[in-house]
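The values are calculated or read from the model by the stated rules, or taken from the named source; none is laboratory data. Since the model is a prediction, treat every value here as computed from it, not as a measurement. No Cβ is skipped: glycine too gets one built from the backbone with ideal geometry, and neighbour counts run over all protein chains shown.
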Amino acid sequence: MRVLVFGRSGQVACELQALVPNAVFLGRAEVDLSVPELAAEAIATHAPDAVINAAAYTAVDRAEDEEPLAARINGAAPAIMAEACADLGIPLIHISSDYVFDGRGGEGFAPASPTAPQNAYGWTKLAGEQGVQASKGTYGILRTSWVFSAHGANFVKTMLRLGAERDSLSIVADQIGGPTPAADIAKACLRMAEVLVADPSKAGVYHFSGAPETSWSDFAREIFEQAGLACLVEDIPSSAYPTAALRPLNSRLDCTSFEENFGMARPDWKSGLAQVLRQLR
């Protein structure tokens with residue numbers, strides 16, 4: 001299977017390079033998605049068997065001031081990719097986010113749950129989903145959450161740095177979600193691509209996140225425990241740590257349909273964390 005991946009330096013793109021080094025990877029230097037039309041040209045030129053969009057505008061707080069740029073990358077570009085893929089009769093796998101939901105309640109959001117983003121980033125990700133669905137092609141939208149890896153900037157690497165510098169940290173305890181290793185997201189994307197090439201009837205929106213659900217503060221405690229850092233964690237509410245973009249309190253995702261259709265269970269994020277720490281060492 002010939003795979004074209006949008007993204008090169010992001011967390012999932014880096015993990016895809018380890019899994020499918022012979023795939024074509026297009027980073028910003030090759031295709032600047034702030035000019036969405038370039039995505040269609042790239043797909044037509046390479047004519048792959050499947051496309052994975054692992055590129056995105058991910059600066060959640062900055063998106064409040066740069067929503068037009070985020071909308072071009074997260075919203076318009078995936079829609080154009082989907083149209084180009086539909087023209088070629090090939091599937092598009094598009095990574096989305098739990099931020100398309102309002103974060104209310106205490107149950108896991110299902111793929112069909114009503115969407116109601118609470119920040120600019122979430123609205124741009126939802127726009128991308130809607131554009132992909134409107135293409136009428138074969139697509140797999142994969143919503144995930146709390147991505148971490150040995151690559152790029154993420155919560156694990158931030159905690160390792162701060163935990164080595166300080167005796168204690170105050171971490172938000174009322175936001176609950178499933179930390180997800182980027183390596184497992186990469187595997188999930190490839191699995192979706194393989195299945196959708198063979199069986200387009202499985203196209204749709206799916207959820208994939210790590211288990212078990214936890215808070216940011218307990219996630220930090222596990223990071224320090226596994227890394228051997230003697231840094232104490234103080235639980236605080238989100239109200240004590242204001243950010244430019246509102247974060248959802250509930251990022252739980254119901255991943256049942258993904259396991260049923262693609263045969264992959266939710267990853268154990270603690271095991272994934274151990275693997276990331278080994279990589280960083």
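Data table
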quantity	calculated
Yes/no for Ala70 being surrounded by fewer than 24 Cβ atoms within 10 Å (Cβ to Cβ), part of a helix (DSSP H, G or I) and out of contact with any His (no Cβ under 9 Å at 6 or more places or on another chain)	no
Looking only at region 170-181, and only at residues there that are within 19 Å of Trp269 (Cα to Cα) and of a type in the set (S, T, N, Q), the one that is surrounded by the fewest Cβ atoms within 10 Å (Cβ to Cβ)	Gln175
Leading residue by the ranking (nearest to Gly108 (Cα to Cα)) among those in region 162-198 that are touching an Asp or Glu at 6+ places or on another chain (Cβ under 7 Å) and part of a loop (DSSP other than H, G, I, E, B)	Gly178
Ile95 being in a loop (DSSP other than H, G, I, E, B), modelled with pLDDT of 95 or more and among the hydrophobic types (A, V, I, L, M, F, W, C)	no
Among the candidates Ala59, Ala55, residue that is assigned to a loop (DSSP other than H, G, I, E, B), of a type in the set (Gly, Ala, Ser) and over 27 Å from Arg191 (Cβ atoms)	Ala59
Subset of region 130-158 [in a helix (DSSP H, G or I), under 21 Å from Asp184 (Cα atoms) and of a type outside the set (Val, Ile, Thr)]	Phe155, Lys157
Candidate set: region 45-60, residues that are under 17 Å from the mean Cα position of the chain (by Cα) and of a type outside the set (Ser, Thr, Tyr); chosen: the one surrounded by the fewest Cβ atoms within 10 Å (Cβ to Cβ)	Ala59
Pairs, first within 15 Å of Tyr206 (Cβ to Cβ) and free of Cβ contacts under 8 Å to residues at least 60 places away in the same chain in region 120-138, second among the hydroxyl-bearing types (Ser, Thr, Tyr) and buried (at least 20 other Cβ atoms within 10 Å of the Cβ), C-beta under 6 Å, six or more apart	Val132/Tyr139
Pick from region 254-277, criterion part of a helix (DSSP H, G or I) and among the aliphatic types (A, V, I, L, M), ranking: nearest to Pro179 (Cα to Cα)	Leu273
Matching entry among Ala42, Ala82, Ala76 (being assigned to a helix (DSSP H, G or I), crowded, with 24+ Cβ neighbours inside 10 Å and in contact (Cβ under 8 Å) with a residue 24 or more places away in the chain)	Ala82
Residue match in region 199-221 (condition: part of a loop (DSSP other than H, G, I, E, B) and of a type in the set (A, V, I, L, M))	yes
Set Ser251, Ser215: member being under 16 Å from the mean Cα position of the chain (by Cα) and of a type in the set (Ser, Thr, Tyr)	Ser251
Inter-residue pairs, beta-carbon under 9 Å, first within 21 Å of Gly210 (Cβ to Cβ) and in region 89-117, second basic (Lys, Arg) and part of a helix (DSSP H, G or I), 6+ apart	Ser96/Lys125; Ser97/Lys125; Tyr99/Lys125; Val100/Lys125
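Yes or no, residue by residue, for (1) touching a helix residue (DSSP H, G or I) at 6+ places or on another chain (Cβ under 7 Å); (2) surrounded by 23 or more Cβ atoms within 10 Å (Cβ to Cβ); (3) touching a residue at least 40 places away in the same chain (Cβ under 8 Å); (4) on the phi < 0 side of the Ramachandran plot:
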| residue | (1), (2), (3), (4) |
| --- | --- |
| Gly140 | yes, yes, yes, yes |
| Lys157 | no, no, yes, yes |
| Leu160 | yes, no, yes, yes |
| Gly163 | yes, no, yes, yes |
| Ser168 | no, no, yes, yes |
| Arg191 | yes, no, yes, yes |
| Ser201 | no, no, no, yes |
| Glu222 | yes, no, yes, yes |
| Leu229 | yes, no, yes, yes |
